[in-house]
Structures are given as C-alpha cells and as structure tokens.
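Enquirer: Sharing a structure, written as structure tokens. Questions coming.
The values are calculated or read from the model by the stated rules, or taken from the named source; none is laboratory data. Keep in mind that this is a model prediction, so the values were computed, not measured. Reconstructed Cβ throughout: ideal geometry from the backbone, glycine too, with neighbour counts over all protein chains shown.
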Amino acid sequence: MGQLPNGRRSPRSLFFRDIVQGALLGDFARDLGLPGAVVQVALNFVPIVGSLCALRDAAANWRVKDQQGVALNLLAIVPVVGAVAKTAELWRHVGRLRRGFDVSFRIRRQQPAG
C-alpha cells in the first residue's frame with residue numbers, strides 16, 4: 001500500500017516507518033530521520049517507558065562501544081540522578097535530531113517531484 005508505481009515508498013509510509021523505528025529501535029536504528037528522532041527523545045521522558053528506552057539505548061551504545069552513551073543511559077534509569085542524565089542525554093540527542101533532519105532532507109530530495 002505504501003509503494004508508489006515506480007517501486008519507491010510514499011513519503012507518508014516513510015514518515016510512519018521512521019516514527020516506528022524511533023519508538024521501537026531507538027539507538028539500534030541505522031538511519032533515523034527527524035520524526036523518528038523526535039519520538040525517541042520524547043519517549044525518554046515518559047516514566048517507566050523512558051527507563052525501558054534507556055536500557056534499550058544503553059544496549060545499542062554498548063554494541064557500538066559508545067561508553068558515554070552507555071553511562072548516560074544507565075544513569076537515566078535511576079529516579080533522582082536520572083533527571084541530570086536525561087538532560088545530558090538531551091544535549092546528545094540534539095546532534096541526533098540534526099542528523100535526523102539531514103537524513104529526512106536527503107530522502108526528501110531523492111523523491112521525484114509530483
């Protein structure tokens with residue numbers, strides 16, 4: 001349903017796919033666009049869900065040997081200390097949002113006009 005006649009995905013299906021990847025895959029996602037990055041950041045601030053996302057992202061950071069990401073995500077699980085860690089992680093996410101914007105812009109430019 002999300003396919004265009006030329007075999008490419010429609011912008012709407014790419015948008016929703018990106019949101020799902022941001023919500024479910026988090027830091028495991030390879031090419032996360034702006035919508036996915038925004039969802040990932042927002043979910044980090046939801047109680048309980050944010051802790052689960054922090055565990056998931058810590059595992060992803062461990063996999064790519066990002067020690068700073070692992071440490072911040074593990075601290076984000078602790079209730080009081082977590083606020084400081086989440087603020088630091090938010091600053092790291094600013095870079096992720098910028099990359100997400102770049103990915104979204106690159107995909108948008110590759111889509112045929114009309």
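Enquirer: Is one or more of the residues making up segment 75-85 closer than 20 Å to Gly95 by Cα and either modelled with pLDDT of 90 or more or of a type in the set (Ser, Thr, Tyr) (or both)?
Expert: Within segment 75-85 (the criterion being closer than 20 Å to Gly95 by Cα and either modelled with pLDDT of 90 or more or of a type in the set (Ser, Thr, Tyr) (or both)), the answer is no, since none of the residues qualifies.
Enquirer: Find the residue count for segment 14-31, including only residues that are among the charged types (D, E, K, R), in a helix (DSSP H, G or I) and surrounded by fewer than 19 Cβ atoms within 10 Å (Cβ to Cβ).
Expert: The number of residues fulfilling the criteria is 1.
Enquirer: Another one. I'm trying to understand the selection: among the residues of segment 64-81, which are assigned to a helix (DSSP H, G or I) and either closer than 17 Å to Ala37 by Cβ or touching a residue at least 24 places away in the same chain (Cβ under 8 Å) (or both)?
Expert: Of everything in segment 64-81, those that are assigned to a helix (DSSP H, G or I) and either closer than 17 Å to Ala37 by Cβ or touching a residue at least 24 places away in the same chain (Cβ under 8 Å) (or both) turn out to be Gln68, Gly69, Leu72, Asn73.
Enquirer: Does Gly69 satisfy the criteria of being surrounded by 17 or more Cβ atoms within 10 Å (Cβ to Cβ) and touching a Phe, Trp or Tyr at 6+ places or on another chain (Cβ under 9 Å)?
Expert: yes
Enquirer: Here's something else I'd like to know. Within segment 32-60, take every residue that is among the small types (Gly, Ala, Ser) and surrounded by 24 or more Cβ atoms within 10 Å (Cβ to Cβ) and give me the one that is farthest from Leu75 (Cα to Cα).
Expert: Only one residue fits best here, namely Gly33.
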